[in-house]
Amino acid sequence: MFLMDPPYSSGGITLSARKQPTGKKYLNRDGTSLPDFFGDAMDSRAYCFYMREVLFTAFNKTKPGGILCVFIDWRNLPAMSDAIQMSGWTWRGILAWDKGTTRGQVGRFRQDCEFIVWASKGKTDNPPDCGAHIFPGCYHISSVIGNKKIHQTQKPVELIKRLLKISGDKWTICDPFMGSGTTGVACLQMGRNFVGFELSKEYYAVAADRLEEQQAEQVHNT
Ligand SMILES: C[S@@+](CC[C@H](N)C(=O)[O-])C[C@H]1O[C@@H](n2cnc3c(N)ncnc32)[C@H](O)[C@@H]1O
């Protein structure tokens, strides 16, 4: 299974707004100073092409019946669902992550949700080897905020664990944009095999430390 949280290339309607540092786009209310990250300044067409390449590589590395879950926000949701279909995956649907209160703007609908587009490599077992479950299409889990944050766009471990339930116990999970390592932590907690990649040296170190701490905690508790 590929569970990925790539840069959204979001944060503004215009290209110049998107080209601002990620901290300026995503952290203006938190008051936290965390390192900026890469790959977040493409226009929608470039983003679609880029994600098509990433998803095509992921498709070729996945066994038949494997699952893909990709995070995205509303701005690049169309580009992402296009890229998924262009790269060979069978598009299965869109899940909503209701992340709780977000900054509102007078006279507009709140952007409370981010999305997870999911797909499979051809036919998928129903369900793989994790029992006969129906999984929710909407997840109400608060985002990580304030001084608990160690990455600018960190996802809650609980959310990732819920998404991973669609995978079989023996599957290997890959997150090619692991940031602070949240998917890895969720995999360790669930006893799943995990492979992760991160381009930023700073965030790679954060993720490695976090995974080692999680491993040590589990060894200590057994
Ligand atoms: C949205 S963040 C992931 C956050 C992560 N889910 C977490 O909870 O911490 C995306 C990450 O992908 C990294 N990234 C961008 N381009 C990359 C690439 N080509 N290869 C690997 N990592 C990349 C960024 O540095 C950033 O840390």
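Read-outs throughout are calculated quantities, based only on the coordinates presented, and are distinct from any laboratory measurement. Bear in mind the structure is a predicted one, so any value in this text is a computation, not a measurement. Cβ placement follows ideal geometry from the backbone for every residue including glycine, while neighbour counts extend to all protein chains displayed.
With loop membership from DSSP and a limit of 15 other Cβ atoms within 10 Å, the longest segment of the chain without trypsin sites (Lys or Arg not before Pro) is 30-102.
Between amide H atoms placed 1.01 Å from N, distances below 5 Å from GLY168 occur with ASP129, all of them 5 or more places distant or on a separate chain.
Starting from segment 188-222, pick out the chymotrypsin sites (Phe, Trp or Tyr not before Pro) whose DSSP state is loop and whose Cβ has at most 14 other Cβ atoms within 10 Å.
On the way: sites: PHE194, PHE197, TYR203, TYR204; in loops: PHE197.
Filter output for segment 188-222: PHE197.
Could you pull out the pairs from LYS61/LYS201; LYS161/LYS201; LYS61/LYS123; LYS19/LYS201; LYS121/LYS161; LYS19/LYS61 whose alpha carbons sit more than 28 Å apart here? Beyond 28 Å: LYS19/LYS61.
Close amide H partners of PHE194, meaning residues 5 or more places away or on another chain with modelled amide H under 5 Å apart, are ILE173. Only DSSP H runs of four or more residues enter the estimate; each adds -39500 (n - 2.57), and after division by the residues of the chain the mean residue ellipticity at 222 nm equals -10000 deg cm²/dmol. Plainly put, the chain has a radius of gyration that is 0.95 times its Kirkwood radius, both from alpha-carbon atoms, as the Rg/Rh ratio.
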